[in-house]
Amino acid sequence: MTSSYDAIVIGAGPNGLVAANHLIDAGWSVIILEAQSEIGGAVRSAEDVHDGFVHDTFSAFYPLSYASPTIQSFGLERFGLTWQHAPAVLANPLPDGGWAILHRDRDITAALMEQQVSGDGERWLELCSLWDRIGDQIIGALLSPFPPVKSGLASLARLRRVGGLDFVKMMLTPAIDLGLTRFRGEGPRVLIAGNAGHADIPLHAPGSGLMGVLMTMLGQTVGFPVPEGGAGVLAHALADRFTSLGGEIQCDAEVVSIDVANGRASGVRTRAGDRFTASHAVVADVVAPHLFGRLLAAGDVPVRVAQAMRSFQLDPGTVKVDWALDGPVPWETPPLHAPGTVHVADSVDQMDEALNQVTARTIPADPFLLTGQMTTTDPTRSPPGTESLWAYTHVPQVATGDAGDGSIRGTWDADDRERFADRMQARIVKLAPGFESRIVARRVLGPREMEARNANLIGGAINGGTSQLQQQLFLRPVPGMGRAETGIKNLYLGSASAHPGGGVHGAPGMNAARAAVAHARLRRFNPWR
Ligand SMILES: Cc1cc2nc3c(=O)[nH]c(=O)nc-3n(C[C@H](O)[C@H](O)[C@H](O)COP(=O)(O)OP(=O)(O)OC[C@H]3O[C@@H](n4cnc5c(N)ncnc54)[C@H](O)[C@@H]3O)c2cc1C
């Protein structure tokens, strides 16, 4: 069977859905082909851990969606999206029984920091005020195609107001040094470092400071919101908007090849043998190694891209544990304000040690946990008085050893997974004695289970490739690209492997769709292009 459209989008992850919405808004006929039996990519939720408990399968907190001008412009509230916030955005328990807490009210955050170390409250408010003056332009620049002309110029214009080159230096300072130079107490330092730890940039490397400040200040200004009812509600709102405008979505339709003739992509073929043609564009919400190494025939990939892809670097793997609890997490000393996100690290140095073990290709002894108290954040996630909880941490793509007791081999079979989940759980039990007695159900997703549920998550890599500087901006996914164009006419890379990378902000999808529409307009005037 052959079907014809103006555009085909491969993959119904958030970037594919954003791209499809933009293309349908341009008046094109569009189909999304999704390999899995459900849409959403890494934005999905289900009651599959325990009855009555909604668990987000992958991503959970969406400050980047909330702040994304593109996603905001779709008016997803009309398609069932309601945001929910936890009482506190984020917290990290400290070994002395205290907590580092990021509250959405900056005065409360500052007052809590001031109680811990005199002067840190004021220093926090100073950082917030710097961000107030330039943060929106930084976000705009990061989410625009590279080079970000409009937001980049606006950021430059505002630079003087935030201290000029001193501000640039601060943003280039590694997260650890930035915390040390700006604050005296462990609280603000561990919050910034923990937020930098959402990406795989070492805390001692440039880029980690920018990531830490960006995520921390997003938390401070917009919070870490979640869709009421589960992550999947966000994906379904995007999909419903698209189909309400005439778009089509086909699930269980894995694209296995892209047809290229005379250097131009003309359509795709699915595993079931169906053929789809696209007169204007094929947008691939596909991780770069699969696009260039699987879906395209070797002879169709531009030589320069094929060569550069040999040094493409994935980000580390991931192990995620979901728990259904019959009560809240029994923190030994409960935080003053209940947080949605909890980072579990004893200190910045301990977090650094755990992250360095991953970089050194060893399985961390005391992993740095990113944790979500989902019912605390959105009471619809499980029955009153219970908690839908998860934690994930990173592991090397290829492990050469175990920095812990040596029992984990890095094969990520059932034995490895359960042992490592026990190790992660022990980190929580230490802070919340009695935690184990509250567990009604536990599910462990290792790198293989992640990839089986979403082929883009190669070996459990969650960001479509490392976020380190050597593979960012015009170097993403390979040097010289940085934009959605692939070197093959009508084929656009619109996944997290493209600039600006991972996170649910829709920018790679939007950049790809915009490029496709712009090129189609140009072709109308010059059919030889
Ligand atoms: C465990 C985890 C936690 C995370 N936490 C957060 C968070 O809290 N906040 C945040 O902002 N980000 C988070 N992220 C990152 C974020 O989810 C991703 O960066 C984002 O989903 C990337 O979107 P995407 O559309 O590029 O790809 P994906 O979401 O991976 O979607 C790609 C889609 O394409 C489909 N596909 C792939 N190949 C084919 C093919 N050949 N044919 C057809 N379909 C195909 C896949 O099945 C999938 O549905 C997390 C990710 C993971 C895995």
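The values are calculated or read from the model by the stated rules, or taken from the named source; none is laboratory data. This one's a predicted model, so the numbers in the text were calculated from it and none came from an experiment. Note that we place each Cβ from the backbone using ideal geometry, even for glycine, and neighbour counts take in every protein chain shown.
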Subset tally (residues that are crowded, with 23+ Cβ neighbours inside 10 Å and among the aromatic types (F, W, Y)) for the stretch 326-373: 1
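Each row is one residue, and each column tells you yes or no for (1) within 18 Å of S3 (Cβ to Cβ); (2) at pLDDT below 95; (3) in contact with a helix residue (DSSP H, G or I) (Cβ under 9 Å, 6 or more places away or on another chain).
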site	(1), (2), (3)
N262	no, yes, no
R275	yes, no, no
A281	yes, no, yes
A288	no, no, yes
R294	no, no, no
L325	no, no, yes
P335	no, no, no
G340	no, no, yes
R361	no, no, no
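Evaluate the following for D352: is it of a type outside the set (V, I, T), modelled with pLDDT of 95 or more and in contact with a helix residue (DSSP H, G or I) (Cβ under 8 Å, 6 or more places away or on another chain)?
Yes; evaluated as a whole, the condition is true for this residue.
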For the stretch 25-38, how many residues are within 14 Å of the ligand (Cβ to nearest atom) and either in contact with a strand residue (DSSP E or B) (Cβ under 6 Å, 6 or more places away or on another chain) or on the phi > 0 side of the Ramachandran plot (or both)? 3
(1) in contact with a His (Cβ under 9 Å, 6 or more places away or on another chain); (2) closer than 21 Å to R443 by Cα; (3) of a type in the set (S, T, N, Q) all hold for S68 apart from (2)
Could you list, in sequence order, the residues of the stretch 489-498 that are within 16 Å of the ligand (Cβ to nearest atom), under 19 Å from I258 (Cα atoms) and in contact with a Gly (Cβ under 7 Å, 6 or more places away or on another chain)? G494, S495, S497
So, of the residues in the stretch 394-432 that are in a strand (DSSP E or B) and either among the basic types (K, R) or touching a residue at least 60 places away in the same chain (Cβ under 8 Å) (or both), which turns out to be surrounded by the most Cβ atoms within 10 Å (Cβ to Cβ)? V395
Is it the case that L94 is crowded, with 18+ Cβ neighbours inside 10 Å, out of contact with any Leu (no Cβ under 9 Å at 6 or more places or on another chain) and of a type outside the set (D, E, K, R)? yes
Being touching an Asp or Glu at 6+ places or on another chain (Cβ under 7 Å) and either within 14 Å of the ligand (Cβ to nearest atom) or at pLDDT 95 or above (or both) is the requirement here; does L431 meet it? yes
Please specify each residue of the stretch 251-301 satisfying the condition of being more than 21 Å from R521 (Cα to Cα), touching a strand residue (DSSP E or B) at 6+ places or on another chain (Cβ under 8 Å) and small (G, A, S). A253, S257, A288, A297
Quick check: is even one residue across the stretch 187-203 modelled with pLDDT under 95 and surrounded by fewer than 22 Cβ atoms within 10 Å (Cβ to Cβ)? yes
Those residues that are within 16 Å of L90 (Cβ to Cβ) and not in a strand (DSSP E or B), I need them from the stretch 371-393; list them, please. M374, T376, T377, D378
Condition met for Q84 (more than 13 Å from A231 (Cβ to Cβ), within 15 Å of the ligand (Cβ to nearest atom), touching a residue at least 12 places away in the same chain (Cβ under 8 Å) and out of contact with any Gly (no Cβ under 8 Å at 6 or more places or on another chain)): no
Residue check, G464 closer than 30 Å to M510 by Cβ, in contact with a Ser or Thr (Cβ under 6 Å, 6 or more places away or on another chain), of a type outside the set (F, W, Y) and surrounded by 17 or more Cβ atoms within 10 Å (Cβ to Cβ): yes
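With respect to V256, is the statement that it is hydrophobic (A, V, I, L, M, F, W, C) and surrounded by 19 or more Cβ atoms within 10 Å (Cβ to Cβ) true? Give the steps one after another, and end with the answer.
Values: hydrophobic (A, V, I, L, M, F, W, C): yes; surrounded by 19 or more Cβ atoms within 10 Å (Cβ to Cβ): no.
The answer is no for V256.
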In the stretch 446-477, how many residues are part of a helix (DSSP H, G or I) and away from the ligand (no atom under 12 Å from the Cβ)? 7
From the option list G480, G501, single residue qualifying as within 10 Å of the ligand (Cβ to nearest atom), assigned to a loop (DSSP other than H, G, I, E, B) and not charged (D, E, K, R) is G501
Given the criteria under 19 Å from the mean Cα position of the chain (by Cα) and farther than 25 Å from V9 by Cβ, does I101 qualify? no
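Picking from A86, A12, A91, which residue would you name as being within 26 Å of S388 (Cβ to Cβ) and either part of a strand (DSSP E or B) or of a type in the set (D, E, K, R) (or both)?
Result of the check over A86, A12, A91: A91.
Residues are listed down the side, and each one gets a yes or a no for (1) in a helix (DSSP H, G or I); (2) out of contact with any Cys (no Cβ under 9 Å at 6 or more places or on another chain); (3) surrounded by fewer than 20 Cβ atoms within 10 Å (Cβ to Cβ):
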| residue | (1), (2), (3) |
| --- | --- |
| S118 | no, yes, yes |
| W124 | yes, yes, no |
| L127 | yes, yes, no |
| R160 | yes, yes, yes |
| D166 | yes, yes, yes |
Within the stretch 1-47, restricting to residues that are more than 25 Å from A518 (Cβ to Cβ) and either of a type in the set (V, I, T) or over 21 Å from the mean Cα position of the chain (by Cα) (or both), the one that is surrounded by the most Cβ atoms within 10 Å (Cβ to Cβ) is V43
In this structure, does V43 turn out to be of a type in the set (V, I, T), within 13 Å of the ligand (Cβ to nearest atom), in a loop (DSSP other than H, G, I, E, B) and under 26 Å from D136 (Cβ atoms)? yes
Candidate set: the stretch 274-327, residues that are among the aromatic types (F, W, Y) and not in a loop (DSSP other than H, G, I, E, B); chosen: the one farthest from the ligand (Cβ to nearest atom): W323
